[in-house]
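The values are calculated or read from the model by the stated rules, or taken from the named source; none is laboratory data. Since the structure is predicted, the reported quantities are computational estimates derived from the model, not experimental observations. Just so you know, the surface numbers come from the protein's heavy atoms only, side chains and all, with ligands and any DNA or RNA stripped out. Shrake-Rupley method; radii C 1.70, N 1.55, O 1.52, S 1.80 Å.
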Amino acid sequence: MTFQARLRLSVELSEFTRHLELEVNGVPRFGFVPGQWLSVKATTPDGEEITRAYSIASPPSENGHVAFCLNRVQDGFMSNYLCNLQAGETVTFQGPFGDFILRPPLRDTVFIATGTGIAPFRSILHWLLAEKDRHQDRQFWLLFGVRREQDIYYRKEFEQLAAEHDNFHFLPTLSRPDDHWRGLRGYVQQHLGEIVGMRTDMHAYICGLDKMVKANRELLKALGWDRTSIRYEKYD
């Protein structure tokens, strides 16, 4: 089924990254499972139809709103088309699609993301932590890798969630930190072992570019994890 959505808000998260909030037209409530994605369609000036997949970066809501977190790619038609949208303009999409969603039974879980790979975890964590019967007092870690401090997308939101929930731990790590940075440094896979230790009874969800996903999967397998406990989604 094809839907239309109206742009409500477009916010710059960094020099090349934007947060878009859209309202789906004609439906009282647009249903999806946190972690799923939408297939956005647009037509180029030459008449070519382009489709691109974007993870939903917001939890399900009663008002039919969805959000995207996307990078502006220099020669990418769709990313520039979306980043250039003005409030009130519409986009066409199909979905939701995908099975990068929480799988039962719920366990202590580490979420690992780099860059805009944070999008599905923003959806999942806001939904998961909203009600106690959802998170069941399990422990959750968000290990988020970016280059610089200004690239920590949704930082205040995740810090607020961590302040409100003792069972949620927000761990941003910078690969190119300034001298004043007092948090984690380096790449996400360098800190994953510190979180999981010798445990193999947890779940891991990984989202980002192939190289990062592969490094973390291989580390967890080397620690004795079963592949069914590791779920991932690659952006390239």
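Taking only Cα atoms of segment 42-126, what ratio of Rg to Rh do you get with Rh as the Kirkwood inverse-distance radius?
On the way: Rg = 15.2 Å, Rh = 15.0 Å.
Dividing the radius of gyration by the Kirkwood radius yields 1.01.
Under a GNM of the chain (C-alpha, springs under 10 Å), which listed residue has the highest mean-square fluctuation: ASN167, ASN84, ASN216?
Judging by the Gaussian network model, the answer is ASN84.
In sequence order, what are the phi-derived ³J(HN,Hα) couplings for segment 88-105 according to the Karplus relation 6.51 cos²θ - 1.76 cosθ + 1.60 with θ = phi - 60°, rounded to whole Hz, with x for glycine and proline?
x, 6, 10, 10, 10, 8, 10, x, x, 10, x, 10, 7, 10, 4, 10, x, x
Using DSSP, restrict attention to beta bridges with both residues in the chain and report what percent are antiparallel, rounded to the nearest 5.
55
Where the centre of each part is set by its Cα atoms, how far does segment 69-121 sit from segment 173-210, in angstrom?
So the two Cα centres are separated by 21 Å.
I'd like to check one number: the per residue accessible area of the chain, probe 1.4 Å, reported in Å² as a whole number.
Value for the chain: 51 Å² per residue.
Based on the Kirkwood radius over alpha-carbon pairs, what is the Stokes-Einstein translational diffusion coefficient of segment 87-156 at 4 °C with 1.567 mPa s viscosity, in µm²/s?
91
Could you bin all the Cα-Cα distances of the chain into 5 Å bins starting at 0 and give me the percent of pairs in each, rounded to whole numbers?
Values per bin, smallest distances first: 1, 6, 14, 18, 19, 16, 12, 8, 4, 1, 0, 0.
Mind listing the long-range amide H neighbours of ARG185? Cut-off is under 5 Å, sequence gap 5 or more, other chains count too, H placed in the peptide plane at 1.01 Å from N.
For ARG185, whose amide H was placed from the backbone, the distant partners under 5 Å are LEU174.
Convex hull over the alpha-carbon atoms of segment 180-236: what's its volume per residue in Å³?
86
Can you send over the carbon and sulfur percentage of the accessible area for the chain, probe radius 1.4 Å, protein chains only?
Looking at the chain in its full context, I get 47 percent from C and S.
Just to check I understand the Karplus step: with θ = phi - 60° and J = 6.51 cos²θ - 1.76 cosθ + 1.60, what whole-Hz values come out for segment 9-23, glycine and proline as x?
Karplus-based 3J(HN,Hα) across segment 9-23 equals 7, 10, 10, 7, 8, 7, 4, 10, 10, 10, 10, 10, 10, 10, 10 Hz.
Once the convex hull of the C-alpha atoms of segment 119-229 is built, how many Å³ does it hold per residue, rounded to a whole number?
114
Tabulate in residue order the Karplus-calculated ³J(HN,Hα) for segment 109-123, using 6.51 cos²θ - 1.76 cosθ + 1.60 with θ = phi - 60°, rounded to whole Hz; enter x for Gly and Pro.
Once rounded to whole Hz, the list reads 9, 10, 9, 10, 9, 10, x, 6, x, 6, 3, x, 6, 4, 5.
Counting only residues 5 or more places away or on other chains, whose amide H sits under 5 Å from the amide H of ARG72 once H atoms are built in the peptide plane?
For ARG72, whose amide H was placed from the backbone, the distant partners under 5 Å are THR17, ARG18.
If the cut-off is 30 Å between C-alpha atoms, which lysines fall inside it for LYS211, apart from same-chain ones fewer than 8 positions away?
Once the sequence-local lysines are set aside, what remains near LYS211 is LYS41, LYS156, LYS221, LYS234.
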